[in-house]
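Structure first, then comments.
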Amino acid sequence: MEKLKVVLINPPLRATSGRIPIYLLSLAGYIETKINNVEVKIVDIKEDLLYKLSPIKIEKIKEKIIEEVVRFNPKVVGFSSMFCDVEDVNDLAKRVRKILPKSIIVAGGVQASFSPEEFVNTNSSIDYVIIGEGELPFSEFLKAVQQNKAIKEIRKIKSLAWFSNGRLHETSLRKDMINLDDIPILPYHKVNMDFYLRPQFLHVYRMMISGVPVIGTRGCPGVCTFCTSKRLWERCSRRDARSQSPKKFVDEVEFLVKKYNVDGFFFLDESFTYNKKRAVEICKEIIKRKLNIVWMCQTRVGLVDEETLIWLKKAGCIVICFGVESGSQEALNRMKKGIIINQVYKSVELSKKAGLRIHACFMINTPGETEEDLKKTFDMVKNLNAQTYNFAITLPIPGSELFNQIKDKFTPDDYKLISDPSDDLFRKDNRFRLSQHNLDLPIELKKIKKFEPRIRRITTHFNLPYINKILTSKSRGRYYKEILFLLKFTFVKFLTGEKSVN
């Protein structure tokens, strides 16, 4: 039987992202493990990390993607999709259809799950959408293609959508979910690991390190109105979070340390300490295996205690990220954040006592925000005295409860504006003003950012576990090379005014 060739495509806007496409790798690894005689290729074109993607660069990336696809000559072409990818994915699908008319084109991912009609419609070249978590339905779909099953049989697969006879069709959602321990070690060789292992500030916030993200939980206990997680997992017929076993999670970490000499990790679970017992077991497993890594995690305030934080510190955690969002209880309630102000101060206090650095995330322009709410946020940022912060202007992200409340104001043509808004957009387009006040949002953002002076970013590097990790790294050459690149970039930027991604 002829080998079934499948290509999975990371869209052009991810070309400067330093974050490994975990879910494409998971999909590829699972498919090749569970289906015989299948070969999966990931097309993930990369560009310089620091430069913005101009329309000309995006077009060149699309041309490279098409070249890779044509060279591989797949039977099935799959696209990953976020809300900002709708235009590019549909454009690429049309180009693939023109060159490979017999190929089967599929879209999946977050935005395709939320809004399949944006990918399968009367003008689309995409044949099917996989809704929700992809491993099980896509594997079943590929087996049906491999066995040359009739279209009417394929269209019985659950969590599938397509367009025919002038309307969108959608099968019932799967009730069964994948056991996360059944996902093999990710096939990292399918992407450009030299690119992803370049030292960045992405994996341990504000610290330059050669690292990768690892995720062992799908789902989140939160129901925040600005986040897409709640609705995404509802589309997967699952609300509660589920996790890999501690052993399986640390197997992935150990593989990356031994195979790729990875120095640092971002444990990307949306709330790493949601299950404190599991978090502690992971820490004990890291210590037992003497992995000698540094890492960060993110979690919700109120989901930490003294014992758990001590184990995090022992196992190499140096930064913990809390999504605080606002210093106003009224604003937090409107966002359905599910936390109280006292929990914020208590969690930060306990984390500092355990020796962890705090990275606190705040937003302005929250739904219904008043000037008093904003003042309370400024006061909390000042009083919290976290080592580092992230400040942002709240945006209505497609798929979130917040977006659904006002989605009639937007079309897919606006998605790229949402993903990369300009200051003028906040000032001139009232669709992006979620607050009740009329303060100049970009100016307020600059004001709040002053609470994290540049010198504080520099001093975050004076962290003994971090310094020791860099000095003893087996990949010191990566750091020398990256420092030279940054110096060159800074010089060129000074001469030309070229804007960086950050």
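Read the figures in this text as sums done on the coordinates, not as results from a lab. Everything quoted here is computed from the prediction, not taken from an experiment. Positions of Cβ are backbone-derived with ideal geometry, glycine not excepted, and every protein chain shown enters the neighbour counts.
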inquiry  = Check which residues have an amide H placed less than 5 Å from VAL294's amide H, if you skip close sequence neighbours.
reply    = PHE265
message = Going through the cross-link list LYS230/LYS407; LYS276/LYS376; LYS175/LYS247, which pairs have a Cα-Cα distance over 20 Å in this structure?
response = LYS276/LYS376; LYS175/LYS247
query = By how many nm would the segment from GLU2 to ARG19 grow when fully extended, if each residue of separation counts as 0.36 nm and the alpha-carbon distance is taken off?
reply = 2.7 nm
query = Once both labels are modelled 7 Å past Cα along the beta-carbon direction, what's the LYS94-LEU439 spacing in nm?
reply = 4.4 nm
ask   = At what distance in nm do the modelled label points of ARG71 and ASP408 sit from each other, each positioned 7 Å from its Cα along Cα→Cβ?
value = 5.0 nm
ask   = Which Cα, out of SER103, ILE458, LEU8, lies furthest along the positive dipole direction of the chain (beta carbon charges, K/R +1, D/E -1)?
value = ILE458
ask   = What residues of region 422-466 lie in the reach of a label at LYS382, counting those whose backbone N is under 14 Å from a point 7 Å from the Cα along Cα→Cβ?
value = 447-452
note = Over 25 Å (Cα to Cα) among LYS41/LYS259; LYS102/LYS152; LYS3/LYS258; LYS46/LYS190; LYS52/LYS352 -> LYS3/LYS258; LYS52/LYS352
query = Under a straight-distance cross-link criterion of Cα-Cα below 16 Å, which lysines are reachable from LYS481, leaving out those fewer than 8 residues away in the same chain?
reply = none
inquiry  = Let me check I've understood the local charge: for GLU306, count other residues with C-beta under 12 angstrom from its C-beta, Lys and Arg +1, Asp and Glu -1. What total comes out?
reply    = +2
note = Amide H neighbours of GLN200 at under 5 Å, excluding residues fewer than 5 places away on the same chain, with H built from the backbone geometry, are ILE209, SER210, GLY211
ask   = Once the Cβ-Cβ distance between ILE340 and ARG155 is put in as r, and R0 is 51 Å, what FRET efficiency do you end up with, to the nearest 0.05?
value = 0.60
key: region 1-78-region 405-455 distance, computed between alpha-carbon centres (Å)   = 32 Å
query = Which net charge results when you count Lys and Arg as +1 and Asp and Glu as -1 among the other residues whose beta-carbon is under 14 Å from that of LEU27?
reply = -3
note = Computed ³J(HN,Hα) along region 109-123: with the Karplus parameters 6.51/-1.76/1.60, θ = phi - 60°, integer Hz and x for glycine or proline, the list is x, 4, 5, 5, 5, 6, 9, x, 5, 7, 10, 10, 7, 5, 9
Pair LYS416, LYS102: separation of 7 Å Cα→Cβ label points (nm) = 3.5 nm
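What net charge do the residues around GLY211 carry, taking every other residue with its C-beta under 11 Å from that of GLY211, with Lys and Arg at +1 and Asp and Glu at -1?
Once positives and negatives cancel, what remains is +3.
Computed FRET efficiency, Cβ-Cβ of VAL492 and ILE185, R0 60 Å: what is it to the nearest 0.05?
0.95
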inquiry  = From the helices alone, meaning DSSP H stretches of at least four residues, give me the mean residue ellipticity at 222 nm for the chain, per-run term -39500 (n - 2.57), in deg cm²/dmol to the nearest 500.
reply    = -12000 deg cm²/dmol
message = So the label point goes 7 Å from the Cα of PHE485 along Cα→C-beta, right? Which residues of region 43-75 then have their backbone N under 17 Å from it?
response = 44-53
remark   = Row for region 203-335, column shape: gyration tensor on C-alpha, a ≥ b ≥ c, rounded if a/c < 1.5 i.e. under 1.5, prolate if a/b over b/c, else oblate; value prolate
